[in-house]
Amino acid sequence: MAIPTGINEELKEAIQEAIKTDTLTGQKLKEILTSSPRQVNKGLQEWNYEDGLILYKGLIYIPKTKDEELKRQVTQQFHDNLMGHPGQWKTIELISREYWWPGITEFVKAYIRGCTTCQTTKIQPPTKVPIKPNEIPEGIWETITMDFIVDLPVSQGYDSILTVVDRHSKAIILSPCHKTITAEQTSQLLVDNVWKRTGVPKAIISD
């Protein structure tokens with residue numbers, strides 16, 4: 001069973017040294033895997049001891065240390081240095097290709113929650129600005145809406161209609177026009193067909 005190639009010598013030596021003091025799991029596993037009878041090893045077939053490292057299902061086992069520095073180094077290697085701060089599950093996936101230890105998922109989650117870079121660059125949901133409805137006018141033709149209906153069948157030379165609606169009474173004034181009407185022509189159309197009849201409104205709402 002080959003040792004994963006991604007491990008550097010400094011980290012490898014630190015893991016080997018930590019196994020010596022990991023009396024709860026690391027050292028005991030080492031003793032069982034290297035010296036116990038075959039029938040004892042039968043229940044440990046997923047474990048192996050090679051080149052001073054303990055492997056679990058082909059993954060390097062990270063022993064427990066007092067300050068969990070080894071686990072932090074491994075997590076930092078994949079989260080901070082190699083991949084530019086990927087999310088929780090991506091970091092776990094990357095680490096789990098080469099390393100394993102009990103509680104790896106919760107450890108990585110806690111590490112990323114405490115990652116200053118991740119927290120400062122985290123995409124925040126956009127602030128929602130409440131939609132302010134248009135005020136209902138008190139009098140007729142104080143506020144109007146206007147819109148164009150275009151690409152109609154040509155009638156008397158016109159192919160579009162300017163639609164003006166009074167928001168108070170819902171009265172409608174329709175003015176035939178052309179799709180290519182300019183801003184200046186629209187203003188003149190309003191003067192001739194609407195404002196001469198209703199007066200100049202206080203507000204115009206247009207799409």
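Computed quantities for the displayed model
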{"quantity": "Filtered residue count, the range 150-175, keeping only those that are of a type in the set (A, V, I, L, M) and over 19 Å from Ser187 (Cβ atoms)", "calculated": "4"}
{"quantity": "From the options Lys64, Lys71, Lys90, residue that is in a helix (DSSP H, G or I), of a type in the set (Lys, Arg) and in contact (Cβ under 8 Å) with a residue 12 or more places away in the chain", "calculated": "Lys71"}
{"quantity": "Close pairs from the range 174-186: first surrounded by 15 or more Cβ atoms within 10 Å (Cβ to Cβ), partner polar (S, T, N, Q) and outside any loop (DSSP other than H, G, I, E, B), Cβ under 9 Å, at least 6 apart", "calculated": "Ser175/Thr163; Ser175/Asn193; Pro176/Ser155; Pro176/Ser160; Cys177/Ser160; Cys177/Gln185; Cys177/Thr186; Ile181/Ser160"}
{"quantity": "Scan of the range 1-27 for residues that are surrounded by fewer than 13 Cβ atoms within 10 Å (Cβ to Cβ) and either modelled with pLDDT of 65 or more or in contact with a Lys or Arg (Cβ under 6 Å, 6 or more places away or on another chain) (or both), ordered by number", "calculated": "Asn8, Glu9, Glu10, Glu13, Lys20, Thr23"}
{"quantity": "Matching residues, the range 159-179, being part of a loop (DSSP other than H, G, I, E, B) and under 44 Å from the mean Cα position of the chain (by Cα)", "calculated": "Arg167, Lys179"}
{"quantity": "Residue match in the range 108-126 (condition: farther than 30 Å from Val74 by Cβ and not in a helix (DSSP H, G or I))", "calculated": "yes"}
{"quantity": "Residue in the range 188-206 that is assigned by TED's automatic domain parsing to the domain that holds Pro63 and basic (Lys, Arg) present", "calculated": "no"}
{"quantity": "Test for Asp147: is it within 40 Å of the chain's Cα centre (by Cα), assigned by TED's automatic domain parsing to the domain that holds Thr182 and modelled with pLDDT of 90 or more", "calculated": "yes"}
{"quantity": "Matching entry among Pro137, Pro126 (being modelled with pLDDT under 85, over 38 Å from the mean Cα position of the chain (by Cα) and not assigned by TED's automatic domain parsing to the domain that holds Ile19)", "calculated": "Pro137"}
{"quantity": "Qualifying residue in the range 188-201 (condition: assigned to a helix (DSSP H, G or I), touching a residue at least 24 places away in the same chain (Cβ under 8 Å) and more than 21 Å from Pro137 (Cβ to Cβ))", "calculated": "yes"}
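The values are calculated or read from the model by the stated rules, or taken from the named source; none is laboratory data. All of these numbers come straight from a predicted model, not from anything done at the bench. Note: ideal-geometry Cβ built from the backbone for every residue, glycine included; neighbour counts use all protein chains shown.
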